[in-house]
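Here is the structure we will look at.
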Amino acid sequence: MSIEPAYENILVRQEGRVGIVQINRPKAMNALNAPTMSEIMTALELFDADSGVGAMTLTGDARAFAAGADIKQMATSSAVEMLSSPFIGYWDRLRAIRKPVIAAVNGWCLGGGAELAMACDMIVAGEGAKFGQPEINLGVIPGAGGTQRLTRAVGKAIAMEMVLNARQLSAAEAAAFGLVNRVVPDERCLAEAVRLAGEIAARAPVAVRLAKEAVNAAFETSLSEGVALERRLFSLLFSTRDQKEGMAAFIEKRPADWQGH
Ligand code: HXC
């Protein structure tokens with residue numbers, strides 16, 4: 001019998017094959033302190049290991065996805081403490097999740113909160129969502145991948161304005177600049193992210209995991225290395241029963257019955 005961890009800063013539930021993690025620190029605008037980040041990562045890692053789950057959604061509440069890393073927790077830290085603490089490493093743990101994670105963003109999505117959303121695989125935004133990297137206002141810079149992921153997503157011009165001058169993006173601007181996948185009415189945001197995650201979770205599970213790995217490799221490798229990796233992953237899928245099933249189903253004009261192996 002598995003024992004569910006007791007969470008204090010998040011709410012966790014499952015809808016069909018979609019695992020849903022909701023950041024739940026409303027008094028602090030969902031600011032991300034160490035216990036909250038630890039719980040988020042534990043919940044996502046448990047879903048990642050659960051064959052009954054095919055994709056995850058990470059969300060906040062109506063006012064904030066997350067207003068950043070917890071400033072009160074960091075305010076008196078020394079450089080050595082920031083370097084040696086596991087805190088920023090929690091963001092890196094998201095990179096190791098192998099199933100797709102879709103962020104559903106309403107309200108403020110700032111600093112470490114924006115970095116968390118950008119470390120997910122897709123972002124669905126409510127129309128009132130606001131994205132920003134306001135760290136410059138605190139005398140620091142983004143520290144959990146913001147300068148890198150934001151620049152790759154929106155390009156140098158907009159990233160410079162956001163990081164150097166704390167420019168905020170509306171949801172519509174974020175969509176126009178390629179930061180988010182789609183914008184929906186605020187009250188539809190989580191449902192749309194869960195719907196999208198559910199569609200992906202219904203697909204061939206091994207192919208989905210390798211597809212995520214291959215797309216993410218585009219940010220880490222040269223074109224020729226990336227294409228070579230893609231070729232190996234593509235070929236590897238021919239060892240799965242689901243590849244035989246998917247191609248047979250096409251030829252026999254019937255829906256495929258995915259088994260995940
Ligand atoms: C700690 C925070 C917080 C944060 C809000 N709160 N953001 N606490 N860390 N990042 C707390 C406030 O102190 C306040 O607590 C309560 O949440 C409500 O916030 P208000 O400011 O009263 O609300 P409002 O006036 O509506 O303004 C909302 C806001 C503003 C625009 C989101 O709170 C804000 O600017 N927050 C900081 C955003 C930010 O700078 N983020 C980057 C952080 S640095 P009390 O107790 O007073 O009611 C970062 C670096 C990451 O993320 C590096 C990698 C780890």
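The values are calculated or read from the model by the stated rules, or taken from the named source; none is laboratory data. Treat the numbers as computed from the prediction; the structure is a model and nothing was measured. Virtual Cβ from ideal backbone geometry, glycine too; neighbours counted across all protein chains shown. These accessible areas exclude ligands, DNA and RNA; they are computed on the full protein's heavy atoms, side chains included. Shrake-Rupley method; radii C 1.70, N 1.55, O 1.52, S 1.80 Å.
Using θ = phi - 60° in the Karplus curve 6.51 cos²θ - 1.76 cosθ + 1.60, the 3J(HN,Hα) couplings for the range 29-37 round to 6, 6, 4, 9, 9, 4, x, 5, 5 Hz; x is entered for Gly and Pro. Of all the options Ala55, Ala75, Ala218, the one that moves most in a Gaussian network model of the chain with Cα springs shorter than 10 angstrom is Ala75.
Counting only DSSP beta bridges with both residues in the chain, the antiparallel share comes to about 25 percent. If you fit an axis through the alpha-carbon atoms of helix 241-251 and take the longest principal axis of the Cα set of the chain, what angle between them do you get, 0 to 90°, nearest 10? It works out to around 70 degrees.
For Leu196, neighbours were defined as the other residues whose beta-carbon sits under 15 Å from its Cβ, and their charges (Lys and Arg +1, Asp and Glu -1) total +3. Rounded to whole Å, give me the distance from the Cα center of the range 74-91 to that of the range 147-200. After rounding, the separation between the Cα centres reads 27 Å. By DSSP, the beta bridges lying fully in the range 77-230 are antiparallel in about 15 percent of cases. For the range 217-226, backbone phi angles converted through the Karplus equation (6.51, -1.76, 1.60; θ = phi - 60°) give residue-by-residue couplings of 5, 4, 8, 10, 10, 6, 4, 5, 5, x Hz, Gly and Pro being listed as x. Taking every protein chain into account, the 1.4 Å probe leaves Trp108 with about 80 Å² of accessible area, to the nearest ten. Here the calculated FRET efficiency for Gln148 and Ala62, from their Cβ-Cβ distance with R0 = 30 Å, stands at 0.55, rounded to the nearest 0.05.
A Gaussian network model of the chain, with springs between Cα atoms under 10 Å, assigns the largest mean-square fluctuation among Val140, Val208, Val18 to Val140.
Centre-to-centre, using Cα atoms only, the range 92-121 and the range 202-251 are separated by 23 Å.
For the chain, a Gaussian network of Cα nodes joined below 10 Å ranks Ala114, Ala64, Ala28 by mean-square fluctuation, and the top entry is Ala28.
On the principal axes of its alpha carbon atoms, the range 83-150 extends 35, 32, 17 Å, with the longest extent given first. From the helices alone, meaning DSSP H stretches of at least four residues, give me the mean residue ellipticity at 222 nm for the chain, per-run term -39500 (n - 2.57), in deg cm²/dmol to the nearest 500. Here the helix-only value at 222 nm equals -13000 deg cm²/dmol. Which residues' amide hydrogens lie under 5 Å from the amide hydrogen of Ile20, considering only partners 5 or more residues apart or on another chain, with H built in the peptide plane? Answer set, sorted by chain and number: Arg13, Gln14, Glu15, Thr57. Compactness of the range 1-117 is given as radius of gyration and Dmax, 14.1, 45 Å, from Cα positions.
Global dimensions of the chain from alpha-carbon coordinates: Rg and Dmax equal 19.0, 65 Å.
A simple rule links phi to the HN-Hα coupling: the Karplus curve 6.51 cos²θ - 1.76 cosθ + 1.60 with θ = phi - 60°, which for the range 132-148 gives x, 10, x, 4, 4, 5, 9, x, 9, 10, x, x, 10, x, x, 5, 8 Hz, with x for Gly and Pro. Restricting attention to the chain, the count of lysine pairs at 8 or more positions apart or across chains with alpha carbons under 27 Å apart stands at 11.
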